[in-house]
Amino acid sequence: MTNTLYDALIAPHAENNAIFLTLDDGTMVSYAAFVGRVAQLAHVLANAGVQPGDRVVVQAPKLVDTIALYGAAVQTGAIYLPLNTAYTQSELRYFIEDATPKLVVCDARDMTDLSGICGNDTQVMTLAKDGTGSLSTGANACDTSFPTVSRDPDDLAALLYTSGTTGRSKGAMLSHKNLLSNAQSLTDLWQISSNDRLIHALPIFHTHGLFVALNTSLLAGAQVRFMAAFDLDIVIDEIPSSTLLMGVPTFYTRLLSDSRLTNDLVANMRLFVSGSAPLLAETHTEFEGRTGQRILERYGMTETNMITSNPYDGDRVAGTVGYALPGTEVEITAEGKPVAAGEVGMIEVRGENVFKGYWNMPEKTAEELRDTGFFITGDLGVQAKDGRISIVGRQKDLIISGGYNIYPKEIEDVINDISGVVESAVFGVPHPDFGETVLAVVVSDDPKLNAEQIAQFVEPELARFKHPRRYFITDALPRNTMGKVQKNILRQEYASLGSPT
Ligand code: MLC
Ligand code: AMP
């Protein structure tokens with residue numbers, strides 16, 4: 001009986017008494033205790049009727065039980081589907097209707113709303129911020145061993161929703177092999193071992209915090225300082241006793257804004273990794289100046305896991321994302337054909353890391369995943385003669401704010417539904433903390449409609465991080481001769497209006 005991910009990430013720790021997780025209140029959880037908790041939760045899933053291939057939706061706080069539930073889904077052969085805790089009811093409705101989960105685990109305060117969305121075939125269990133709820137109560141009564149369900153490398157382990165340029169979120173189907181092969185590549189490349197202690201301050205509902213950070217730690221048997229959320233003071237306190245930090249660029253600009261960040265503070269640190277959004281070359285340079293450490297920038301996507309990385313030994317060049325990971329091919333193309341080194345084109349990627357397609361969306365899958373196995377990322381890049389890749393832009397209309405992806409179309413669709421709105425354009429402008437922030441320009445035929453009313457309409461529809469920080473009402477949007485809205489002109493015109501005043 002084999003289960004690709006469980007056998008590699010969890011089973012080897014059954015008798016490992018080393019510390020896996022250290023929490024904000026000082027509680028420590030050993031690897032062996034974690035394996036036992038995974039099994040208890042696997043019983044809860046099985047008792048709830050979860051069968052191999054069933055989806056388990058998890059919109060829960062960042063807790064040990066939340067990641068143990070990921071392990072339990074793997075052990076029972078289910079498909080783990082984590083959701084951003086900021087999502088609103090209307091966003092949740094879409095995910096639940098699309099994924100038709102067997103079980104939804106949510107914070108107790110959302111139980112009533114979620115029960116209303118879920119059909120009769122979906123059970124709802126709770127997991128509150130303090131760790132209580134029907135999920136943990138059920139698990140406490142269960143045995144700490146569970147007969148692992150067999151799963152092949154190509155079976156699905158996770159479904160991660162990623163917003164799309166069409167405004168509808170797409171569920172990226174990730175197999176056991178997708179996740180394991182990437183964890184193996186990163187663990188080798190970044191030399192992660194049981195001597196490491198990772199500062200984990202990322203959310204655990206995205207690829208970065210869940211797979212990049214936790215799968216590599218599990219594979220290597222590393223210690224993880226598991227923070228409930230990014231907190232600058234706690235990160236600074238933890239740096240001297242840690243060796244590794246994985247973060248989005250905002251982590252690094254926030255660290256740089258604090259005078260406690262010095263060479264001495266980071267003396268024990270082995271590696272700072274940045275990803276999910278572009279790291280400004282000036283942040284890279286300033287960080288090296290202050291600490292003597294060169295941040296290692298890597299590049300990835302929900303659909304592909306990690307694609308490239310700067311080298312561990314070797315030049316970490318600011319403004320570049322390094323080389324294709326071992327086992328991963330990258331091609332830069334124009335109209336589907338490879339371009340010469342030094343020329344800008346679409347970044348395409350192929351390898352064991354590339355997902356199996358979009359859930360219930362064969363046409364979208366066919367548009368973005370070629371028959372040859374290459375996935376069209378929507379990112380524009382250049383490859384140097386030695387293979388080093390730099391991202392120079394995006395063909396997809398996407399804003400990345402503090403590492404969260406925000407697709408303008410989704411927001412425009414909500415704004416355009418407001419009575420009196422003729423059309424709108426949502427775009428990103430520079431922001432000192434989040435890298436980019438969201439603005440909206442709205443054309444209205446109702447002279448009484450104001451920005452506040454638009455904001456009030458948007459609020460219950462979309463997660464807070466997607467809300468335009470400012471709305472501007474205007475007479476017309478700039479268009480090219482083809483009638484397409486010229487967002488580049490809006491981005492230039494409003495460039496200085498994204499910074500907090
Ligand atoms: C929080 N807020 C944001 C925001 N995060 N607004 C825009 N963009 C963001 N990223 C809002 C809140 O709604 C709130 O609004 C206010 O900012 C303060 O909230 P907070 O909770 O105090 O924010 P903070 O803790 O400071 O969070 C910032 C952050 C967080 C950068 C630490 O956003 C974060 O952890 N980002 C990481 C995202 C991530 O993991 N991405 C990986 C995707 S995977 P108000 O107005 O109500 O106060 C991927 C693939 C790959 O991309 O390659 O890795
Ligand atoms: P997501 O869909 O949330 O997985 O986000 C993936 C997108 O994040 C990629 O397509 C890129 O546009 C962006 N991204 C990830 N890492 C980097 C990086 N190091 N530099 C620039 N963009 C990045």
For segment 418-501, averaging the sequence separation of alpha carbon pairs under 8 Å that lie six or more residues apart and dividing by its residue count, the contact order in percent is 36 percent
How long is segment 313-453 along each principal axis, judged by its Cα atoms, biggest number first, in Å?
-> 58, 38, 23
Based on the Kirkwood radius over alpha-carbon pairs, what value in µm²/s does the Stokes-Einstein equation return for the translational diffusion coefficient of the chain at 4 °C and 1.567 mPa s?
-> 55 µm²/s
Which of the trypsin sites (Lys or Arg not before Pro) found in segment 331-419 are in a DSSP loop and have at most 12 neighbouring Cβ atoms, other than their own, within 10 Å?
-> Lys385
Segment 325-341 to segment 5-53: how many Å between their Cα centroids?
-> 39 Å
Using a probe of 1.4 angstrom, how much of the accessible area of segment 109-210 is carbon and sulfur, in percent?
-> 46 percent
Using a 1.4 angstrom probe, figure out how much accessible area the chain has per residue, in square angstrom, rounded to the nearest whole.
-> 40 Å²
In straight Cα distance, which aspartates and glutamates are under 16 Å from Lys337, not counting same-chain residues fewer than 8 positions off?
-> Glu329, Glu348, Glu367, Glu368, Asp371, Asp379
Estimated dipole of the chain in Debye, rounded to 20 [Cβ of Lys and Arg +1, of Asp and Glu -1, Cα centre] = 320 debye
Largest first and in whole Å, give the semi-axes of segment 153-221's equivalent ellipsoid, each being the square root of 5 times a Cα gyration tensor eigenvalue.
-> 25, 15, 9
XL table Lys356/Lys466; Lys170/Lys466; Lys129/Lys170; Cα-Cα > 22 Å flagged, in table order, is Lys356/Lys466; Lys129/Lys170
For segment 274-322, what is the relative contact order in percent, using Cα pairs closer than 8 Å and at least 6 residues apart in sequence?
-> 36 percent
Compute the relative contact order of segment 199-321 as a whole-number percentage, counting only Cα pairs closer than 8 Å that sit 6 or more residues apart in sequence.
-> 21 percent
Tell me, what is the Rg over Rh of segment 1-126, with Rh the Kirkwood radius over Cα pairs?
-> 0.99
Please go through segment 285-320 and write out the GluC sites (Glu not before Pro) that DSSP classes as loop and that have at most 16 other C-beta atoms within 10 Å.
-> none
In Å, descending, principal axis extents of the Cα set of segment 225-315 | 36, 31, 21
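The values are calculated or read from the model by the stated rules, or taken from the named source; none is laboratory data. What you see is a predicted model; the values in this text were computed from it and never measured. Quick reminder, even Gly has a Cβ in these numbers, built from the backbone with ideal geometry, and neighbours come from all protein chains shown. Each accessible area value is taken on the protein alone, full model and side chains, heavy atoms only, with ligands, DNA and RNA left out. Shrake-Rupley method; radii C 1.70, N 1.55, O 1.52, S 1.80 Å.
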